[in-house]
Protein chains: 2
Amino acid sequence: MSPEWGVMSAIGIFDSGVGGFTVLKALRAALPDESFIYLGDTARLPYGSKSPDTIRHYLKQNIEFLLAFPVKAVIVACNSASTVVDGDHWQGIPLYDVIQPGALAAVKASKQKKVGILGTRATVASQAYVKAIHEIDAQIECVQQSCPLLVPLVEEGWENDPMSRMIMTRYLTAPINQGVDTLILGCTHYPVLKPIIQELVGPDIALIDSADVLVDNLKRDLADGRVTTDLGAGTIEVWTTDSGSHFHEIGQRIMGSWPLDSWQHADIR
Amino acid sequence: MSPEWGVMSAIGIFDSGVGGFTVLKALRAALPDESFIYLGDTARLPYGSKSPDTIRHYLKQNIEFLLAFPVKAVIVACNSASTVVDGDHWQGIPLYDVIQPGALAAVKASKQKKVGILGTRATVASQAYVKAIHEIDAQIECVQQSCPLLVPLVEEGWENDPMSRMIMTRYLTAPINQGVDTLILGCTHYPVLKPIIQELVGPDIALIDSADVLVDNLKRDLADGRVTTDLGAGTIEVWTTDSGSHFHEIGQRIMGSWPLDSWQHADIR
């Protein structure tokens, strides 16, 4: 694959599907000169209903796929995959997950020390956010809520539908009733729903999108040399393990007017 | 695997997940002395959002997994997988899909020659039901509706929820407005929703569950010797490609009081 790839040093990023485009979009906005290689494991999505063993196997394959390119950092944009990340390097390459930055931001934001976590079944079952939060501050009370219907709603394009509001209201009831003042959007699809969730929970509850903190961390590491700063051509190359125009549509909807320079098939099975 | 398996001749059946238990349940009720080996590809579900190439690859792997057992027939319970089935044999073993029997039953049931098809994105995009129906009667008008949220609703256990009725009402609007008198439940999860769908569409619309016709076909083929009638021990052995108790719960909910004799991990990736 390398001969086709003219850029010497890109940032690799993967997600189970196209939800990770919310992370890519934030990175692209903050680092316009960097090049990105995005891998969406659309043939095997979603990860959120699957077991740690299976997710770990997919994580390894996805990282190895990205390492075949000249990448200088790998970002695990998927929350469910982030729950099985162990360490901050992979074969010498800096590795970023979305759990740690989300947990840190939530701890900083929560004045009442009550944090709600919205996530997939896998993310909630892993207790990854709870553990990460308690490593920073053991006094914080965590209220977890798995929201299995939110990803299909976003993929159906119904995010502004009254029906989606009803479903979100139901998922938000327990965290709200338990008095959280901070809510982690613990799945890459959820930032798409951020304006509606903010409207439903009101202005006094802080919503945490890991992508924001991740961007800050990456900027810091580019500045201090942990990640090399030789800039790429500012391109975005997308690889997906399945074909299908539906993913293009959702991906492009998330990215807005940003051009995706190529869209190719990754033969990972 | 064979040494662990005492039965000489079982019926193999697979689905992308546990929705195919609706088919297994119908088969088990009609053929109580037969043994069944059920494979759920839970590590890679759902198939309904994926491309024909990817589904074809999974189909092949799943059938080959089942053929490692002494099976005398293989049933593709998944509608999305059935859309890529080519032929009625695999290495000399009779192969059954759910599209053909569903199409035949719909043609028989429709007096107005207007048939609605509810299915996943993959099933609708494949036009498999439309083609199968038109091969029998080219005059029949088909109205397809993809229903991506129904599977997650069933898996969330919300099938009797008012919210689910609203979502189903929306999906049913186009077929009803176009005057169908017959509606194919073109996904193995949908029979779980059958009573609610019947209530929503009223008694004059016939609902087609492929499993019923499939059972009749298999009984016929057992009677005429196409499928050998040496009976098994009446056991049900379940294999899934992912672990996770959530699938047990849904599976057991569909099967009701029927015992599943074993539940093991199938290493297909």
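What follows is calculated from the coordinates using simple rules that are stated; it is not laboratory data. No experiment lies behind these values; they were computed from the predicted model shown. Quick reminder, even Gly has a Cβ in these numbers, built from the backbone with ideal geometry, and neighbours come from all protein chains shown.
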Tell me the Kirkwood hydrodynamic radius of segment B:100-210 in angstroms, computed as one over the mean inverse distance between distinct C-alpha pairs. 13.8 Å
Find the centroid of the Cα atoms in segment B:78-157 and in segment A:59-120, then give the distance between the two in whole Å. 41 Å
Karplus-derived HN-Hα couplings along segment A:254-259 (A = 6.51, B = -1.76, C = 1.60, θ = phi - 60°), whole Hz, x at Gly and Pro: 5, 6, x, 7, 5, x
Explain nothing, just the number: dipole magnitude of the protein assembly as shown about its Cα centre with +1 on each Lys and Arg Cβ and -1 on each Asp and Glu Cβ, in debye rounded to the nearest 20. 600 debye
Stretchable slack from A:His57 to A:Gln178, in nm (0.36 nm times residue separation minus alpha-carbon distance): 39.9 nm
Selected from A:Ala103, A:Gly234, A:Ala10, residue furthest toward positive end of dipole (chain A; charges at beta carbon): A:Ala103
For segment B:1-118, what's the relative contact order in percent, using C-alpha pairs closer than 8 Å and at least 6 residues apart? 29 percent
Would you calculate, for the protein assembly as shown, the mean residue ellipticity at 222 nm contributed by helices, counting each DSSP H stretch of 4 or more residues as -39,500 (n - 2.57) and dividing by all residues, to the nearest 500? -12500 deg cm²/dmol
Normalising by the residue count of chain B, find the relative contact order in percent from Cα pairs under 8 Å and 6+ residues apart. 27 percent
Using a simple spin-label model with points 7 Å from Cα along the Cα→Cβ vector, what separation in nm is obtained for B:Glu64 and A:Asp86? 3.0 nm
Residues B:Leu231 and B:Lys131, FRET efficiency given R0 of 41 Å [Cβ-Cβ distance, rounded to 0.05]: 0.70
Measure off 7 Å from each Cα along the Cα-to-Cβ vector at B:Arg269 and B:Glu141, then give the distance between these two points in nanometres to one decimal. 5.1 nm
Relative contact order for segment A:86-169, counting Cα pairs under 8 Å that sit 6 or more residues apart, in percent: 26 percent
Fully extended contour minus Cα-Cα distance, from B:Asp212 to B:Lys108, at 0.36 nm per residue: 36.1 nm
